[in-house]
Amino acid sequence: MNVSGHNARFPCPPYDTDRDPTAVPFTYPFEPESPNDLPSVGSAAWLVRNVDTIRSISANPISANAAMSLRREHGQEAASLLLTIASVQSRAVEKFGPGTWMATEKSIAQATDRVVAAYKASLFGNAAV
C-alpha cells in the first residue's frame, strides 16, 4: 500500500487500495533526510509509515519472538503501539469494514458501528447538516 498527502507535515489518511479497488492510491510525500526528521511515534505520519508492519503483525498470531523482534527494531513504545493496533484489527474490520484501521480497544468501543452510522445519516436525507 502506498500512502501520501499534499504536505509532509499533514499526510492524507491511508487509502487501502489492496482491499478497496476504488480507493485513491498515494505515495508518501518525502523521505527524511535525518533521524530528526522522522515522525514521532503515534503521529499520523508515523502510523502511515508503519501500516505494512501493522498488517504483517495482524495477519499472524502474535508470538513472544515477534514481540521481542519488534521491540529491538522499533523500540519499546513503538512496539507496544504497533502490537496494540495489530491486535484489534479483526474487531475493527468487523465494526468499520475492510481496511487497516488505526484503532485501539477504547476507540473501537466508543465508535459508532458503520451500519448504525449509515442509518443515522439516512435520516437527514439530502438536508444540510
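The values are calculated or read from the model by the stated rules, or taken from the named source; none is laboratory data. From a predicted model like this one, the values you see are computed outputs, not experimental measurements. Cβ placement follows ideal geometry from the backbone for every residue including glycine, while neighbour counts extend to all protein chains displayed. What goes into the accessible areas is simple: the full protein's heavy atoms, side chains included, and nothing from ligands, DNA or RNA. Shrake-Rupley method; radii C 1.70, N 1.55, O 1.52, S 1.80 Å.
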Mind listing just one residue for me: the one in the stretch 73-99 that is under 14 Å from the mean Cα position of the chain (by Cα) and not in a helix (DSSP H, G or I) and, of those, farthest from VAL51 (Cα to Cα)? GLY97
Of the residues GLU94, GLU77, which is in contact with a Gly (Cβ under 9 Å, 6 or more places away or on another chain) and modelled with pLDDT of 75 or more? GLU77
Quick one: what pairs do we get from the stretch 62-90, first residue of a type outside the set (A, V, I, L, M, F, W, C), second at pLDDT below 90 and open to solvent by 30 Å² or more (accessible area, probe 1.4 Å), C-beta under 7 Å, 6+ apart or different chains? GLU77/VAL41; THR84/THR104; SER87/ILE62; GLN89/SER58; GLN89/TRP101
Given the condition assigned to a helix (DSSP H, G or I) and at pLDDT below 80, answer yes or no: does some residue in the stretch 56-67 qualify? no
Of everything in the stretch 68-125 that's in contact with a helix residue (DSSP H, G or I) (Cβ under 9 Å, 6 or more places away or on another chain) and on the phi > 0 side of the Ramachandran plot, which residue is surrounded by the fewest Cβ atoms within 10 Å (Cβ to Cβ)? GLY97
Which pairs have Cβ atoms under 8 Å, sit 6 or more apart or on different chains, and link a residue in the stretch 112-125 that is within 14 Å of LYS95 (Cα to Cα) to one that is not in a helix (DSSP H, G or I)? ARG114/GLY97
Could you figure out which of (1) modelled with pLDDT under 85; (2) part of a helix (DSSP H, G or I); (3) farther than 23 Å from ALA109 by Cα; (4) hydrophobic (A, V, I, L, M, F, W, C) isn't true of LEU70? (1)
Taking the residues in the stretch 100-129 that are more than 24 Å from the chain's Cα centre (by Cα) and assigned to a loop (DSSP other than H, G, I, E, B) as candidates, determine which candidate is modelled with the lowest pLDDT. VAL129
